[in-house]
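The values are calculated or read from the model by the stated rules, or taken from the named source; none is laboratory data. Just so we're clear, the structure is a prediction, and the values are computed from it rather than from any experiment. Heads up, the Cβs are rebuilt from the backbone with ideal geometry, glycines too, and the neighbour counts pull from every protein chain shown.
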């Protein structure tokens, strides 16, 4: 990082905003086809009815809710990196903060789609909004599902505003170097930012408040998501450990997704001097930490089931590793708790290929964690004659693929049109006092 | 013939910019503005800037948010008087969660409104007296002077190691 100057940072990042080549548009096109596939599946479901999904009695919560929790989880480390690490003054966050914040915004948008999809009759979604109506119907704010509506919409609003505010000085940098229509657009969206001392005085303070408010929010949001489950009396769900366990899992998956996204971007955009191996190594070290918390949580769940002597809890925790969803369970355990332990070895956390491969394993493991929690408990609850099995239908697969394509589609559009690294924060990290020109 | 001029000294070194600011404070010239690519504690200290008042907007938003959230939940519950899970109709714990989320949401709204109000954005006229290099790697120190002091101010910035730019030929 010592080789970097202010000019080099601007040049490197602005280089990424030059018109892309055909391979970029080809990739964007393929992802858009994936998005269309997902949209077509959703339209088919709306026209035909929710029965086209694989959900049944007793498994009424399937991949839609799994993906909802998965994407909310992915969204979490963006705020962790941008807010919590900002408050802790961790310098290694600066090169990846913008990418992580963007990941948060897109992931929350996609997460927010799944309750709509799961509703079936999506046009009734306004029932969840406290809008005065002639039948005097109001929401039940004692329900964790209403907590969720409030928490997720707050999180989306806050993370979007945080993202835009953080980008303001960078938008001015682009404005000052752009020409034509592009200059006009960036002039408007940078709001006339000039970096005057009066602006910085208020900006620095406001940004600190953003970080300070986003930190409790990020913890509350995934706690609220966990209460969707924990406030039900279903065996395997009804436990007080869920909130911290979900928060740790969310950060675990989000950090893995940061690696999955940043490693290809680093290579494609020649960010090697900005996103150094040291930065990626620090993410890997944090993944060890979150992986150990997740492992401890898994073990605690089993311990509590055994210690409580509650036959229903004992039954569900025997069922998970040995029953119909045992494959998912062991994928979850291996990918989330064992594979990240490889990061204890310096070779694994400093080799780009290993970092990428392990991040993919953690992503898969975290998806399966939600699969195991949601499906195994409701398919095997109180009364044996009510037990059942679940497998996603092709429509659910289509919508799931569409959601992943939508995420990467939006992300690809972002990296070529807006600064994927915060130039201003990088300049701050490089240091003040020295000469900043080449 | 203008009676006052604004002159910007452009520095690639933050310490030199700070040194120029300190010297202008002890001179007959008027320090108008400092533009920098990064927030700088050294510049803030040299300018003896007061703490921003954005926090008051944030606080006001947060307080409004808590009561809005809690009262919204209480109002909707009071419309039906249904007992849910044995809890009181106006249940403190679940409604506190709604109140908490609204606290954060409204505090952020307050924060954004405070930023807009205090920074006076959007403000596109400021761009006319601005050098685009200040968003890159230059620190711009702008001072104004009487017409007869113009050469002296230019020389001052040059001696401090800065590049000189006369940004306004009209009265300031």
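Among all residues of segment A:128-135, there is at least one that is facing chain B (nearest Cβ under 8 Å) and part of a loop (DSSP other than H, G, I, E, B). Going through segment A:394-413 one residue at a time, which ones are under 27 Å from residue A:234 (Cα atoms) and surrounded by fewer than 18 Cβ atoms within 10 Å (Cβ to Cβ)? The one that is under 27 Å from residue A:234 (Cα atoms) and surrounded by fewer than 18 Cβ atoms within 10 Å (Cβ to Cβ): A:397.
Looking for whichever is part of a loop (DSSP other than H, G, I, E, B), touching a residue at least 40 places away in the same chain (Cβ under 8 Å) and within 30 Å of residue B:22 (Cβ to Cβ) here; the options are B:161, B:140. Which one fits?
After ruling out the rest, the residue left standing is B:161.
Regarding residue A:143, is this residue in contact (Cβ under 8 Å) with a residue 24 or more places away in the chain and within 13 Å of another protein chain (Cβ to nearest Cβ)? For residue A:143, the condition - in contact (Cβ under 8 Å) with a residue 24 or more places away in the chain and within 13 Å of another protein chain (Cβ to nearest Cβ) - is not met.
A quick yes/no check of all residues on (1) in the same structural domain as residue B:18 (by TED's automatic domain parsing); (2) surrounded by 21 or more Cβ atoms within 10 Å (Cβ to Cβ); (3) touching a helix residue (DSSP H, G or I) at 6+ places or on another chain (Cβ under 6 Å):
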| residue | (1), (2), (3) |
| --- | --- |
| B:136 | yes, yes, yes |
| B:149 | yes, no, no |
| B:154 | yes, no, no |
| B:158 | yes, no, no |
| B:162 | yes, yes, no |
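When residue B:106 is tested against (1) more than 7 Å from chain A (Cβ to nearest Cβ); (2) modelled with pLDDT under 95, exactly one condition is not met: (2). Per this entry, residue B:114 is not counted among residues that are without any contact (Cβ under 8 Å) to a residue 12 or more places away in the chain, within 8 Å of chain A (Cβ to nearest Cβ), assigned to a helix (DSSP H, G or I) and within 38 Å of the chain's Cα centre (by Cα).
Looking only at segment B:28-42, how many residues end up being assigned to a loop (DSSP other than H, G, I, E, B) and either surrounded by fewer than 18 Cβ atoms within 10 Å (Cβ to Cβ) or within 7 Å of chain A (Cβ to nearest Cβ) (or both)?
Keep residues of segment B:28-42 that are assigned to a loop (DSSP other than H, G, I, E, B), which gives B:28-29, B:36-40.
Then drop every residue that is not either surrounded by fewer than 18 Cβ atoms within 10 Å (Cβ to Cβ) or within 7 Å of chain A (Cβ to nearest Cβ) (or both), which leaves B:28, B:36-40.
Qualifying residue count, segment B:28-42: 6.
Is it the case that segment A:171-183 has a residue that's more than 30 Å from residue B:126 (Cα to Cα), more than 12 Å from chain B (Cβ to nearest Cβ) and without any contact (Cβ under 8 Å) to a residue 40 or more places away in the chain? Within segment A:171-183 (the criterion being more than 30 Å from residue B:126 (Cα to Cα), more than 12 Å from chain B (Cβ to nearest Cβ) and without any contact (Cβ under 8 Å) to a residue 40 or more places away in the chain), the answer is no, since none of the residues qualifies.
Please state which one of B:67, B:96 is surrounded by fewer than 22 Cβ atoms within 10 Å (Cβ to Cβ), in contact with a helix residue (DSSP H, G or I) (Cβ under 9 Å, 6 or more places away or on another chain), part of a helix (DSSP H, G or I) and within 13 Å of another protein chain (Cβ to nearest Cβ). Checking each option against the conditions leaves just B:96.
Answer yes or no: is there a residue in segment A:218-237 that is facing chain B (nearest Cβ under 8 Å), in contact (Cβ under 8 Å) with a residue 12 or more places away in the chain, buried (at least 23 other Cβ atoms within 10 Å of the Cβ) and in contact with a helix residue (DSSP H, G or I) (Cβ under 7 Å, 6 or more places away or on another chain).
Filtering segment A:218-237 for residues facing chain B (nearest Cβ under 8 Å) gives A:220, A:224.
Cutting the leftovers down to in contact (Cβ under 8 Å) with a residue 12 or more places away in the chain gives us A:220, A:224.
Retained after the next criterion (residues that are buried (at least 23 other Cβ atoms within 10 Å of the Cβ)): A:224.
Right, trim to in contact with a helix residue (DSSP H, G or I) (Cβ under 7 Å, 6 or more places away or on another chain) and you get A:224.
The answer is yes; a qualifying residue exists.
Just wondering, is there one or more residues in segment A:239-259 that are more than 30 Å from residue A:428 (Cβ to Cβ), away from chain B (no Cβ under 13 Å), without any contact (Cβ under 8 Å) to a residue 40 or more places away in the chain and surrounded by fewer than 18 Cβ atoms within 10 Å (Cβ to Cβ)? Yes, that holds for at least one residue. Go through segment B:117-132 and report how many residues are part of a helix (DSSP H, G or I) and either within 8 Å of chain A (Cβ to nearest Cβ) or touching a helix residue (DSSP H, G or I) at 6+ places or on another chain (Cβ under 6 Å) (or both). Residues in segment B:117-132 being part of a helix (DSSP H, G or I) and either within 8 Å of chain A (Cβ to nearest Cβ) or touching a helix residue (DSSP H, G or I) at 6+ places or on another chain (Cβ under 6 Å) (or both): 6 in total. Picking from residues in segment A:155-169 that are more than 8 Å from every other protein chain (Cβ to nearest Cβ) and surrounded by fewer than 24 Cβ atoms within 10 Å (Cβ to Cβ), the one that is nearest to residue B:97 (Cα to Cα) is A:156. Scanning segment B:3-24 for residues that are within 13 Å of residue B:153 (Cα to Cα) and part of a helix (DSSP H, G or I) returns B:20, B:21, B:23, B:24.
Looking across segment B:43-64, the residues that are buried (at least 16 other Cβ atoms within 10 Å of the Cβ), within 11 Å of chain A (Cβ to nearest Cβ) and over 16 Å from the mean Cα position of the chain (by Cα) come down to B:46, B:61, B:62.
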